[in-house]
1. Given the residues 25, 49, which is the only one that is among the hydrophobic types (A, V, I, L, M, F, W, C) and closer than 17 Å to residue 119 by Cβ?
2. Would segment 26-34 turn up any residue that is in contact with a Lys or Arg (Cβ under 9 Å, 6 or more places away or on another chain), modelled with pLDDT of 80 or more and more than 17 Å from residue 181 (Cα to Cα)?
3. So if I check each of 167, 128, 91, which one is assigned to a helix (DSSP H, G or I) and within 16 Å of the chain's Cα centre (by Cα)?
4. Just need a number here: residues in segment 44-79 that are closer than 11 Å to residue 122 by Cα and not in a helix (DSSP H, G or I).
5. If you scan segment 75-100, which residues turn out to be hydroxyl-bearing (Ser, Thr, Tyr) and in contact with a Phe, Trp or Tyr (Cβ under 7 Å, 6 or more places away or on another chain)?
6. Return a yes/no flag: does segment 131-151 have any residue that is closer than 30 Å to residue 98 by Cβ and either open to solvent by 80 Å² or more (accessible area, probe 1.4 Å) or acidic (Asp, Glu) (or both).
7. Within segment 86-137, can you find the residues that are under 21 Å from residue 50 (Cα atoms) and of a type in the set (Phe, Trp, Tyr)?
8. Looking at 161, 121, 111, which is the one that is touching a residue at least 12 places away in the same chain (Cβ under 8 Å), closer than 20 Å to residue 23 by Cα, in contact with a helix residue (DSSP H, G or I) (Cβ under 8 Å, 6 or more places away or on another chain) and surrounded by 18 or more Cβ atoms within 10 Å (Cβ to Cβ)?
Amino acid sequence: MSILQIHKLFASSHEGWDAFARIQASSLKLFVFLVVPFSLIPPLMLEYAGGHIGAAMFPDTSAQAWSTAALFFLIAELITVPLMAWAIKSVANSKGVPCDYHAAFMLAAVAPVPLWLSSLALFSDQIVLIVAIAILGLAASVTLIFRGAESILKVEEGLDAFDIAYVVTALGLSAWALLIMLGLVPALA
């Protein structure tokens, strides 16, 4: 699947997702080539923002504290993706949808990409713009979870896909809130 076709994951439950599924990449390969590169963006942006907007808003916070927070943020992100895959598998199975770990991992690996990309808004010093882009990233991730539940997890009933997406999104939001709090620890300390 070409990066130029990524928009198809949002628009269609099958066209883009079928191409994504045909890649047949192992969970390890998805982790190394999708999760790791994209999950590096938020910690790098946290490091950048800590020296710019963070220095203006939290002048008593050292650069070392921002670097430490960025490192912990990265570690937490890398741990969160396999845990979310496990959660997706558990939720799907509890709804009577047969789901293996690999399918759940595919969904867990691609769903946070818009959130990771939304951290690029930290190049701006406009808080309203940063928040707006984060909300758009969140909406895009929820869309990916819903579309992926229909296609990757092979959920036939739209209501079941919505139910799975709802539970997974709630879990993901909890994880993302914890990650954000982890990123703000230096400023709050």
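1. Numbers: 25 fails: closer than 17 Å to residue 119 by Cβ.
Among 25, 49, only 49 is among the hydrophobic types (A, V, I, L, M, F, W, C) and closer than 17 Å to residue 119 by Cβ.
2. Taking every residue of segment 26-34 in turn, none turns out to be in contact with a Lys or Arg (Cβ under 9 Å, 6 or more places away or on another chain), modelled with pLDDT of 80 or more and more than 17 Å from residue 181 (Cα to Cα).
3. Numbers: 128 fails: within 16 Å of the chain's Cα centre (by Cα); 91 fails: within 16 Å of the chain's Cα centre (by Cα).
Of the residues listed, the single one that is assigned to a helix (DSSP H, G or I) and within 16 Å of the chain's Cα centre (by Cα) is 167.
4. Total satisfying the criteria: 1.
5. Quick first cut of segment 75-100, residues hydroxyl-bearing (Ser, Thr, Tyr) only: 80, 90, 94.
Matches in segment 75-100: none.
6. yes
7. 116, 123
8. After ruling out the rest, the residue left standing is 111.
The values are calculated or read from the model by the stated rules, or taken from the named source; none is laboratory data. On a predicted model such as this, the values are computed, not experimentally measured, just so you know. All Cβ positions, glycine included, derive from the backbone under ideal geometry; neighbour counts span all protein chains shown. Please note that ligands, DNA and RNA were not included when accessible areas were found on the heavy atoms of the full protein model with its side chains. Shrake-Rupley method; radii C 1.70, N 1.55, O 1.52, S 1.80 Å.
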